[in-house]
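Taking it in order: structure first as structure tokens, then the write-up.
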Amino acid sequence: MAQLSDDCFAFGGPMMSVDEAVAIIAARVKPVGETEAVALVDADGRILAGDVAAPLPLPPFMNSAVDGYAVSATDLPASAERALPIAGRVQAGAPAQPALPGQAVRIFTGAPMPGGTDTVFMQEDVRIDDAGNVILPPGLKPGANVRPAGEDIARGHVALASGRRLRPQDIAVAAAFGLTTLDVVRRLRVGVFSTGDELAAPGSARTEAQLFDSNRFMLMAMLRRLGCEVGDLGILRDERAGLAAALKQVARSFDLILTTGGVSTGEEDHVKAGIEQAGSLVLWRMAIKPGRPVAMGIIDGTPLIGLPGNPVASFVTFVHVVRPTVLALSGAVPSPLLPMPVRAAFSYKKKSGRREYVRASLRRAADGALEATKFPREGAGLLSSLVETDGLVELGETVVQVEPGDAVGFLGYADLL
Ligand code: AMP
Ligand code: MG
């Protein structure tokens, strides 16, 4: 399991910006370091555990990029058509016989270039005369329509660097190198608790004053998207001693523990005190809306993140605190979220000094530009606001007002995880 020192999340100020929080996490969280080899088909989304250098050039040999006729550049007609006899035929996957000067070879896409040839005429650009010669037009450049060995990736080039979160195209590169497995960081084991007397587990009986626990399932699904193995730890009651004991009991079994709810400073918010009892705590007041204080703690060397209970605050703080922590524990290279510029179709006022996330949908305006429309209501408890929108408009610390037509940054939900 991850072993972190107690002071690893310590910070000086009372209110921390999102960027400061992310930088502290990236700098101080140590990767778990354990790796495993997985089959290529299972490597998507995993974190690569070592550099992958090209064991062979790609393409491995010089080949034709088109169906046509291979010739030597020395035989290219300069100003008038020229007829060359067709001396052979080579198709993809077959060995090529060398050609002599003054000969053309019928060739197909992906076939190796015959020795003595270096240029290919596309079949659409030539004619065959009655004698069976190929008639070449003038003006083709030497080396045209040929893919030299290594033009894509040179032998020895580090094509996939350690810490990369693998995508389907990365897996294609590994396969093109002839690999059958990739070494990846083992999946992080993350335990998730909900807290709150008002919560009933879906499938269990709900009293009149209870609602079904939704955050735990959202957070577990988000963790799965980040490649984690998730431990469902159920619901903790609003009671300090029991909460502290439960946290302590599971700490050593996980790389990271998440809780949701109970991190504010109300009388019935026991996560802060529970962490203090079981380990050590830093309460982060992040300058972010939605998102109330986020608790960070260390219990027996395992980091713990206490997210707020309001579903939207839980979602947004997951993205800004849990996501970078999970990536750092996995040894992934940090991947900052890059909002896409779109046009605001709403007006909005905010305080300076904190970052806000506005739930928004995208639409195509009459002039073709992408426009963000704001969800009409603002409550941090509105699940419908997450379900019925496409992503979050990010309004930076210095912004105080948005007017229709302003450029704003948009983060699609799919890009957050
Ligand atoms: P808290 O942060 O515990 O004060 O909770 C803030 C609000 O979020 C309250 O209305 C809670 O009922 C709600 N809440 C807390 N935990 C959950 C959860 N797991 N699922 C859905 N709503 C929750
Ligand atoms: Mg609560």
Taking the chain and counting helices only, DSSP H stretches of n ≥ 4 at -39,500 (n - 2.57) each over all residues, the nearest-500 ellipticity at 222 nm comes to -4500 deg cm²/dmol
Per residue and in cubic angstrom, what volume does the convex hull of the Cα atoms of region 233-327 have?
-> 87
State log₁₀ I(q)/I(0) for region 55-206 at q = 0.09, 0.15, 0.18 Å⁻¹ as given by the Debye formula over alpha-carbon point scatterers of equal weight, solvent excluded.
-> -0.46, -0.83, -0.99
Provide the percentage of antiparallel DSSP beta bridges, counting only those with both residues in the chain; round to the nearest 5.
-> 70
Pull up all non-local amide H partners of Glu34: gap of 5 or more, or a different chain, and H-to-H distance under 5 Å with H placed in the peptide plane.
-> Arg186
Any idea what the dipole of the chain comes to, in debye rounded to 20, about its Cα centre with Lys/Arg Cβ at +1 and Asp/Glu Cβ at -1?
-> 340
Amide H within-cut-off set for Ile235, under 5 Å, with H built and near neighbours excluded = Ser194
Rounded to the nearest 10, the angle in degrees between the Cα long axis of helix 18-28 and the longest principal axis of the Cα atoms of the chain comes to 80
Could you list the GluC sites (Glu not before Pro) in region 330-378 that lie in coil according to DSSP, counting only those with at most 16 other Cβ atoms within 10 Å of their Cβ?
-> Glu378
Mind counting lysine pairs for me in the chain? Cα separation below 30 Å, and the two need to be 8 or more apart along the chain or on different chains.
-> 14
At most 12 other Cβ atoms within 10 Å and a DSSP loop assignment: could you name the GluC sites (Glu not before Pro) in region 200-285 that fit?
-> Glu208, Glu267
Can you give the Rg to Rh ratio for region 340-415, taking only C-alpha atoms and Rh from Kirkwood?
-> 0.94
When DSSP beta bridges are limited to those with both residues in region 63-147, what percentage is antiparallel, rounded to the nearest 5?
-> 80
Out of Gly291, Pro142, Leu417 - ranked by how far each Cα lies towards the positive end of the dipole of the chain, with unit charges on the beta-carbon of charged residues - the top one is Gly291
Where labels lie 7 Å past Cα in the beta-carbon direction, separation of Leu417 and Gln169 in nm | 2.3
Averaged over all directions, how much area does the convex hull of the C-alpha atoms of the chain cover when projected, in nm²?
-> 28.2
Rounded to the nearest whole number, the per residue volume of the convex hull around the C-alpha atoms of region 35-104 in Å³ is 182
For the residue pair Met340 and Asp197, what label-to-label distance in nm results when each label sits 7 Å from Cα along the Cα-to-beta-carbon direction?
-> 4.7
With R₀ set to 22 angstrom, the calculated FRET efficiency between the beta-carbons of Arg240 and Ala209, to the nearest 0.05, is 0.55
Projecting the Cα atoms of Gly93, Ile128, Ile107 onto the charge dipole of region 63-147, where Lys and Arg contribute +1 and Asp and Glu -1 at Cβ, the residue farthest towards the positive end is Gly93
Which of Val387, Val282, Val184 moves the most in a Gaussian network model of the chain with Cα springs under 10 Å?
-> Val387
Taking the inverse of the average 1/r across all pairs of different Cα atoms in region 63-147, what Kirkwood radius in Å do you get?
-> 12.2
Charges only on Cβ, +1 for Lys and Arg, -1 for Asp and Glu: so what's the dipole of region 101-212 about the Cα centre, in debye to the nearest 20?
-> 440
Could you run the Debye sum over the Cα atoms of region 180-275, one equal point scatterer each and no solvent, and tell me log10 of I(q)/I(0) at q = 0.15, 0.17, 0.24, 0.25 Å⁻¹, two decimals?
-> -0.62, -0.77, -1.28, -1.33
Cut-off under 5 Å, modelled amide H: who pairs with Thr259 long-range | Phe193, Ile305, Gly306, Leu307
Could you work out the Rg to Rh ratio of region 292-358, with Rh taken as the Kirkwood radius (inverse of the mean 1/r over all Cα pairs)?
-> 1.04
Could you give the distance between the Cα centres of region 311-368 and region 376-417, to the whole Å?
-> 7
In what sequence, highest mean first, do 122-129, 71-78 appear when ranked by Cβ atoms within 10 angstrom?
-> 71-78, 122-129
Karplus couplings for region 69-75 from phi (6.51 cos²θ - 1.76 cosθ + 1.60, θ = phi - 60°), rounded to Hz, Gly and Pro as x?
-> 9, 8, 9, 8, 4, 5, 9
Specify the inter-centroid distance of region 216-283 and region 91-167, based on alpha-carbon positions, in whole Å.
-> 61
Nearest 20 debye, what's the magnitude of the dipole of region 340-415 about its Cα centre given +1 on Lys and Arg Cβ and -1 on Asp and Glu Cβ?
-> 220
Summing +1 per Lys or Arg and -1 per Asp or Glu among the other residues with Cβ less than 12 Å from Ala332's Cβ gives +4
Would you mind telling me which residue in Leu337, Leu307, Leu329 has the biggest mean-square fluctuation in a Gaussian network model of the chain, where springs connect alpha carbons within a distance under 10 angstrom?
-> Leu337
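Quick note: the coordinates plus some simple rules give every number you see, no bench work behind them. The structure presented is a predicted model; accordingly, all values stated were derived computationally and were not measured. All Cβ positions, even for glycine, are placed from backbone atoms using ideal geometry, and neighbour counts span all protein chains on display.
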